[in-house]
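The next block holds one structure in the form of structure tokens; read it before the comments.
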Protein chains: 2
Amino acid sequence: MKQNAATAKKVTESANRGQCAKRMSILEAAGEVFCREGFSGASIDEIAAEACVSRQTIYNHYREKETLFMAVVDDVMTRANGMMFSILSTFPDRTDNLEDDLTGFIFRLNKNCVCNHDGRFLRKLVQTEGERHPHLFESWRQQGPLKITNALAALFARLSIGGALQIEDFDVAARQFMALGNADLQMLMLFGETPTDEQIESAARNAVRTFLRAYGRPQPSREVPTLVSVTA
Amino acid sequence: MKQNAATAKKVTESANRGQCAKRMSILEAAGEVFCREGFSGASIDEIAAEACVSRQTIYNHYREKETLFMAVVDDVMTRANGMMFSILSTFPDRTDNLEDDLTGFIFRLNKNCVCNHDGRFLRKLVQTEGERHPHLFESWRQQGPLKITNALAALFARLSIGGALQIEDFDVAARQFMALGNADLQMLMLFGETPTDEQIESAARNAVRTFLRAYGRPQPSREVPTLVSVTA
DNA sequence: GTAAAACTAGACACCATTGTCTAAATCGTC
DNA sequence: GACGATTTAGACAATGGTGTCTAGTTTTAC
């Protein structure tokens, strides 16, 4: 019995490993082609070639083109949301050196969620196929971007109550934080380019500097030396 | 001779008026369908139906689908750029009441360039077909968004030199101004919704308030009354 | 090694679309 | 009303894509 269970498990695992590799290969290739060509422009043959798989295998795993598309969307959304919340959990706790901590946070957010493959793919997908599949992206919107903004607002509220920031509307501040973080990257992304680490870092620094100029408490550290030198 | 020229002109004008109407009707319908379905997904028959025109007429005016697509892109780009510069010329001159003036400016910019039909169409088009036609959008990028940012930066420089703003990097400030203006609208737009005037107005107000908190000179108008009342 | 399962290559019917062609109809001008 | 230019509807071949089927090959488990 024990052996049976063990072998059975081994069988399915092993069987799945081969299948799973094919499935993942197909999903990845399909994502690439759907993203590049759009749903209508993508052909199954092209996907099969890019996945190094026969066309029939695709039809075996995913009944038809539409099913494959859904699977691709689901896959990338799940991955993107997971990454998003993972990054969100690294929001700074301490309030000493808030500028560097926030800069690091938005750098991570941009690098791993906004500018990376999945993020770009998702945005493009939502734009190109959103009208055609409204229900498909509504769930993502609810549990993705919407929750992110809420979570960010809550974190800003904590910092604000703690006295590190002076924010009246936390939701607005959260959206502005995200917007500022993308300000220097939007144009690059719109034209399909992938920003370098240096560009993302610079964008993050600019964003946080302005954000803190608007919402940070009037920095005492910078004016104290001036006063001292004057009085001296 | 005079009469000849006059009649000839009248003839061509009149002939052109009918043709021109058809052309515009086709361009508009094609834009709609290309935007909705993407290049591959759009069918000539669908465009013809939406333009209330026979398929052959489309082929008479634009030799093939690709030509039609180019014409559509060119048309919308020209119109969008014109509107953009028109709005840009309404950037505030005076520095009394800068907050209201900037709010009005970004309201106009968002309403007529970013959130309107052409703006949304162009962004979607660049995203979906940008990879397929790199040269097509490069010219637009050069003489569109890039020039806008430069112009905005120059205008901020003027305000900054005049003492109304305290900006170090004008290019960064210009990009941040645009980004803040879109902060509250981005999510709506991404999902294909058209923001209401109230939403655009509110977004503009939020954006300018934060922008001025970051870059405005420490507002004297708000503290003067306090000082006066104290001295009184 | 064997048997079952998965994969491959290619042929196939079916359908949608592109772009051409033709004959009839419509429009504007004289 | 007549004429020329434009438009229309529909037929048409050619193409390319989807999804099915089959026969043969490879992989995997035992």
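The values are calculated or read from the model by the stated rules, or taken from the named source; none is laboratory data. As the structure is a computational prediction, the values presented were derived from the model and not from experiment. So basically every Cβ, Gly included, is an ideal-geometry build from the backbone, and we count neighbours across all protein chains shown. Keep in mind that these areas ignore ligands, DNA and RNA; they rest on the heavy atoms of the full protein, side chains included. Shrake-Rupley method; radii C 1.70, N 1.55, O 1.52, S 1.80 Å.
Figures for the structure shown
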quantity: Test for B:ILE58: is it aliphatic (A, V, I, L, M) and within 13 Å of DNA strand C (Cβ to nearest atom); calculated: yes
quantity: Subset tally (residues that are open to solvent by 60 Å² or more (accessible area, probe 1.4 Å) and in contact (Cβ under 8 Å) with a residue 60 or more places away in the chain) for the stretch A:148-163; calculated: 1
quantity: Among the residues listed as A:MET178, A:MET187, the single one being touching a residue at least 12 places away in the same chain (Cβ under 8 Å) and not in a loop (DSSP other than H, G, I, E, B); calculated: A:MET178
quantity: Selected residue [at pLDDT 90 or above and either open to solvent by less than 50 Å² (accessible area, probe 1.4 Å) or within 13 Å of DNA strand C (Cβ to nearest atom) (or both)] from B:ALA15, B:ALA29; calculated: B:ALA29
quantity: Lone unmet requirement of (1) in a helix (DSSP H, G or I); (2) at the interface with another protein chain (Cβ under 9 Å from one of its Cβ atoms); (3) surrounded by fewer than 19 Cβ atoms within 10 Å (Cβ to Cβ) for A:SER139; calculated: (2)
quantity: Of all residues in the stretch B:36-55 being within 14 Å of another protein chain (Cβ to nearest Cβ) and in contact with a Ser or Thr (Cβ under 6 Å, 6 or more places away or on another chain), the one that is nearest to DNA strand D (Cβ to nearest atom); calculated: B:SER40
quantity: Filtered residues of the stretch A:41-100 (kept if surrounded by fewer than 18 Cβ atoms within 10 Å (Cβ to Cβ) and of a type in the set (Ser, Thr, Tyr)); calculated: A:SER43, A:SER54, A:THR57, A:TYR59, A:THR67, A:THR78, A:SER86, A:SER89, A:THR90, A:THR95
